[in-house]
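To start, the structure under review is shown below, and the notes come after it.
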Amino acid sequence: MWMSLCFVYVDRPTNLAEEAAKSVNPRDQGLPASNPSKSVRSESHAPAKPNEVLLRISQDMARLLERLTALEASIDMVRRHGAEEFHGSNMEESDKAEFWLEKLQRIVEEVRCPPNHRVTCAVSLLQGSAYDWWELVLRSPRLPNPIPWEFFIQEFRAKYVSDMYREIKWKQFLNLKQINLSMAEYEKELSHLSKYAPESVITEAFRYRQFEDGLNEFIKRYLTPVTVLQQVNFYQLVQAAMKVEKSEASSRERFQKRKLSRGGSSSSGKRAREFQTESVHSSTTRGSSTEYW
């Protein structure tokens, strides 16, 4: 690749130099010599000399080589941080294609890959039928120039992440419940699945409602009076839910320590009532609207 680029630029200087020399010497073109006094006045507008042409070409070539070197460095950096090749041989494995793309997106962000290098880095990982697909994309009349990173992501998902797979993920989003997930895990999974929702549906108010509906009942019970009184956004709701969860965990820990200190002499029913009283007291005393927000 490097040799071919060099040959392209080595051939051009000779031709350009000959053309420049002819333009400088009128006799070579069969024209009468110009008046010396006039040539002095027009010297500043004279065509570039062969040496100047060669200098400009060498400078252009140096800049091109610098850009190519930077691009190769980005490709190498992405690969060294764990980006893997993608063959696209099995069109039914939408989950693997989605995982490959999400991993690549994380890597280019982590290594701070320049936006104008990201598509080339991704294409360098395409192999076999996946690369054949990209060559077809390049023939499209609607291809933007330059190709933005978002365009590659959109085209890749349209090809390798099936409609059925997106429909399954969309249903998982609608039916997601917290159950045994921590609040951080629940919010992360909800945000992950929300990208499969139709753009016309996934508003902040919709995410808010889905998050609140899927919460465990004891957290939802303590949050409801607060959310009714205050106008809060989605992320404020998440933070409030995390504080309720933390308060509940602290109450549970205190109850366990108290039970151990008593030697377990209390009956199970009495211990349950004590824990319930402790939990409610902690959440109500520290669960005012100002505390959660």
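Could you please find all residues in the stretch 168-186 being part of a loop (DSSP other than H, G, I, E, B) and open to solvent by 50 Å² or more (accessible area, probe 1.4 Å)?
Those that are part of a loop (DSSP other than H, G, I, E, B) and open to solvent by 50 Å² or more (accessible area, probe 1.4 Å): 177, 179, 180, 181.
Which of the following residues is in contact (Cβ under 8 Å) with a residue 40 or more places away in the chain, polar (S, T, N, Q) and open to solvent by 20 Å² or more (accessible area, probe 1.4 Å): 124, 140?
Testing whether each residue is in contact (Cβ under 8 Å) with a residue 40 or more places away in the chain, polar (S, T, N, Q) and open to solvent by 20 Å² or more (accessible area, probe 1.4 Å) leaves just 124.
Out of the residues in the stretch 199-221 meeting the condition of being in a loop (DSSP other than H, G, I, E, B) and modelled with pLDDT under 90, tell me which one is surrounded by the most Cβ atoms within 10 Å (Cβ to Cβ).
202
Tell me, which residue of the stretch 140-188 that is in contact with a Ser or Thr (Cβ under 8 Å, 6 or more places away or on another chain) and among the aromatic types (Phe, Trp, Tyr) is farthest from residue 235 (Cα to Cα)?
Going through the qualifying residues, I end up with 160.
Which is in a loop (DSSP other than H, G, I, E, B), among the hydroxyl-bearing types (Ser, Thr, Tyr), in contact with a helix residue (DSSP H, G or I) (Cβ under 9 Å, 6 or more places away or on another chain) and surrounded by 13 or more Cβ atoms within 10 Å (Cβ to Cβ), of 196, 165?
That would be 196, the only listed residue that is in a loop (DSSP other than H, G, I, E, B), among the hydroxyl-bearing types (Ser, Thr, Tyr), in contact with a helix residue (DSSP H, G or I) (Cβ under 9 Å, 6 or more places away or on another chain) and surrounded by 13 or more Cβ atoms within 10 Å (Cβ to Cβ).
Would you point out the residue of the stretch 161-188, among those that are modelled with pLDDT of 90 or more and of a type in the set (Lys, Arg), that is farthest from residue 203 (Cα to Cα)?
Result: 177.
Is one or more of the residues making up the stretch 144-151 touching an Asp or Glu at 6+ places or on another chain (Cβ under 9 Å), surrounded by 12 or more Cβ atoms within 10 Å (Cβ to Cβ) and in a helix (DSSP H, G or I)?
no
Condition first: open to solvent by 60 Å² or more (accessible area, probe 1.4 Å) and aliphatic (A, V, I, L, M). Now tell me which residues in the stretch 127-137 satisfy that.
If the condition is that a residue be open to solvent by 60 Å² or more (accessible area, probe 1.4 Å) and aliphatic (A, V, I, L, M), then 136 is the only one that fits.
List the number of the failed condition for residue 231; all other conditions in (1) in a helix (DSSP H, G or I); (2) modelled with pLDDT of 50 or more hold.
If we test residue 231 against (1) in a helix (DSSP H, G or I); (2) modelled with pLDDT of 50 or more, just (1) comes out false.
Give the number of residues within the stretch 75-114 that are under 21 Å from residue 129 (Cα atoms), in contact with a Cys (Cβ under 9 Å, 6 or more places away or on another chain) and buried (at least 18 other Cβ atoms within 10 Å of the Cβ).
The number of residues fulfilling the criteria is 3.
The values are calculated or read from the model by the stated rules, or taken from the named source; none is laboratory data. This is a predicted model, so every value here is computed, not measured. Because the Cβ atoms are built from the backbone with ideal geometry, glycine has one as well, and the counts that use them run over all protein chains shown. Ligands, DNA and RNA are stripped out before the accessible areas are found, and what is left, the full protein with its side chains, is counted by its heavy atoms. Shrake-Rupley method; radii C 1.70, N 1.55, O 1.52, S 1.80 Å.
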